[in-house]
1. Taking 0.36 nm per intervening residue step and subtracting the Cα-Cα distance, what contour gain separates Arg170 from Leu111 on full extension?
2. Using alpha carbons only, how many angstrom separate the centre of the range 106-177 from the centre of the range 1-74?
3. With everything on Cα atoms, drop me the angle between helix 36-62 and the longest principal axis of the chain, reported from 0 to 90° to the nearest 10.
4. Applying a 10 Å radius around every beta-carbon, put 137-149, 158-170, 7-19 in order of their mean neighbour count, most first.
5. Measure nothing fancy, just the Cα-based angle from helix 71-96's long axis to the longest principal axis of the chain, in degrees from 0 to 90, nearest 10.
6. Peptides 74-83, 104-113, 127-136: what's the order by average Cβ count within 10 Å, highest mean first?
7. Treating only the Cβ of Lys, Arg, Asp and Glu as charged (+1, +1, -1, -1), what charge dipole size does the range 53-177 show about its Cα centre? Round to the nearest 20 debye.
8. Peptides 88-97, 42-51: what's the order by average Cβ count within 10 Å, highest mean first?
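The values are calculated or read from the model by the stated rules, or taken from the named source; none is laboratory data. Everything numeric in this text was worked out from a predicted model, so none of it was measured. With ideal geometry, Cβ positions are generated from the backbone for all residues, glycine too; neighbour counts draw on all protein chains shown. Please note that ligands, DNA and RNA were not included when accessible areas were found on the heavy atoms of the full protein model with its side chains. Shrake-Rupley method; radii C 1.70, N 1.55, O 1.52, S 1.80 Å.
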Amino acid sequence: MGAVRERLELTVPGAVVGAVGGLVAGVLAAFVGQPYGWAAATALAMAVPLGLLGGGFGLLVGTGRFRLGVFAPAALYWLAGFPLARLVAETSTGFLLGGGFTPPADVLGFLAYQGIVSFGWAIGFLWLHERIAPHWLDKVRSGNMVAQQWYERYVTHARVVRESSARGRRRRAAATK
């Protein structure tokens, strides 16, 4: 049971970022004038799949399958995941409001457009995830060996980035003299 708990703890930062993204979609729906029931259904229909996919992303990073600070794996992950999450949300919103499942009329066009949008989502998701995960891992690492290893990778990564930045500053300062 401990191994399952350890893996679930790795999913928390990504699941939170994904779910909050879905909730923001609901808030935006209400802001643009959609009825509150529709906005709530939108929030739920987006928060669940984005939260699940975000948790999956955290698991992939936490177990070392994706490298820290690298955009390409996140972009590819969300190129597949975001359009599917949007399709689930688009199809299930009507059901949540008491109707039936209603997929978009042009599913392929819809998925292609969502694939384009997914790169923006991937940038925002990765940015937030990289800011939330280290704090969460610091909190749970004492009882979670996998989180401890992931946290140590963050510390090493931060040290490398800081040292690289300092070298660049020294080089620029030397070039201006």
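1. Answer, rounded to one decimal: 16.5 nm.
2. When both Cα centres are located, 16 Å separates them.
3. Orientation of helix 36-62: about 30 degrees from the principal axis.
4. Taking the mean over residues of other Cβ atoms within 10 Å, the ranking is 7-19, 137-149, 158-170.
5. Long axis of 71-96 versus the principal axis of the chain: about 20 degrees.
6. 74-83, 127-136, 104-113
7. Numbers: 15 positive and 6 negative charges, 236 e Å.
Charge dipole, the range 53-177, about its Cα centre: 1140 debye, nearest 20.
8. Order by mean packing, descending: 42-51, 88-97.
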